[in-house]
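The values are calculated or read from the model by the stated rules, or taken from the named source; none is laboratory data. Everything quoted here is computed from the prediction, not taken from an experiment. All Cβ positions, even for glycine, are placed from backbone atoms using ideal geometry, and neighbour counts span all protein chains on display.
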Amino acid sequence: MKARKDFADAKFGIFLHWGLYSMFGQGEWYMTNENINCHEYAKVAQAFYPHNFNAHQWITAIKKSGARYITFTTRHHEGFSMWDTKQSDYNIMHTPYGKDIVKQLVDECHRQQIGIHLYYSHLDWTRDDYPIGRTGRGTGRTAGKANWP
């Protein structure tokens, strides 16, 4: 209850929705909206290199805006993780950039004493065992292999 009250009391925060989808300039639902095969879509990871990313500058600007916290998309439905995870090679460490963006943001938020919330999507348009629902139907996964557990 304390965390819920603190969140409500903060009033203003910034949601950073960022991942491979940003390279297309079409939004985070691009893969499913355009029925792009997930294996073709994944190739863009080999070009992901946010040259001007600087966690200190980002958090400083966010804090100056009056925001009291950020929420960061660690992984969206496209299945790409913006941190160093051993669960899959489909993550930031296997791109030309090769640095853990989540760690950089979290560390900087702690340094500057601004709240950090991490958004993680359970939906995964890249896994055959993820049930095909309303989204991700045209992403090249094999129907009938769903295994939620």
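For the reader, a short list of remarks on this structure follows.
- Among the residues making up segment 8-40, those that are in contact with a helix residue (DSSP H, G or I) (Cβ under 6 Å, 6 or more places away or on another chain), of a type in the set (Phe, Trp, Tyr) and not in a loop (DSSP other than H, G, I, E, B) are Tyr21, Tyr30.
- Selection status of Tyr130, more than 30 Å from Lys5 (Cβ to Cβ), assigned to a loop (DSSP other than H, G, I, E, B) and touching a residue at least 40 places away in the same chain (Cβ under 8 Å): no
- Condition check for Asp107: of a type in the set (Asp, Glu) and without any contact (Cβ under 8 Å) to a residue 40 or more places away in the chain: no
- Asp89 modelled with pLDDT of 95 or more, under 22 Å from Leu20 (Cα atoms), out of contact with any strand residue (DSSP E or B) (no Cβ under 8 Å at 6 or more places or on another chain) and assigned to a loop (DSSP other than H, G, I, E, B): yes
- Condition check for Thr74 on (1) touching a Ser or Thr at 6+ places or on another chain (Cβ under 7 Å); (2) modelled with pLDDT under 95: one failure, at (2).
- Residue satisfying all of: in segment 6-25; exposed (fewer than 13 other Cβ atoms within 10 Å of the Cβ) and at pLDDT below 95; farthest from Ser65 (Cα to Cα) among these: Gly25
- Answer from Ala47, Ala42 - the residue that is aliphatic (A, V, I, L, M) and under 15 Å from the mean Cα position of the chain (by Cα): Ala42
- Residue match in segment 77-85 (condition: among the charged types (D, E, K, R), surrounded by fewer than 18 Cβ atoms within 10 Å (Cβ to Cβ), touching a strand residue (DSSP E or B) at 6+ places or on another chain (Cβ under 8 Å) and under 30 Å from Pro131 (Cα atoms)): yes
- Of all residues making up segment 111-127, the number that are surrounded by 14 or more Cβ atoms within 10 Å (Cβ to Cβ) and either in a loop (DSSP other than H, G, I, E, B) or among the small types (Gly, Ala, Ser) (or both): 8
- The residue pairs whose first member lies in segment 42-57 and is in contact (Cβ under 8 Å) with a residue 40 or more places away in the chain and over 19 Å from Cys109 (Cβ atoms), whose second member is surrounded by 11 or more Cβ atoms within 10 Å (Cβ to Cβ) and charged (D, E, K, R), and whose beta carbons are closer than 9 Å, counting only pairs six or more residues apart or on different chains, are Ala42/Glu78.
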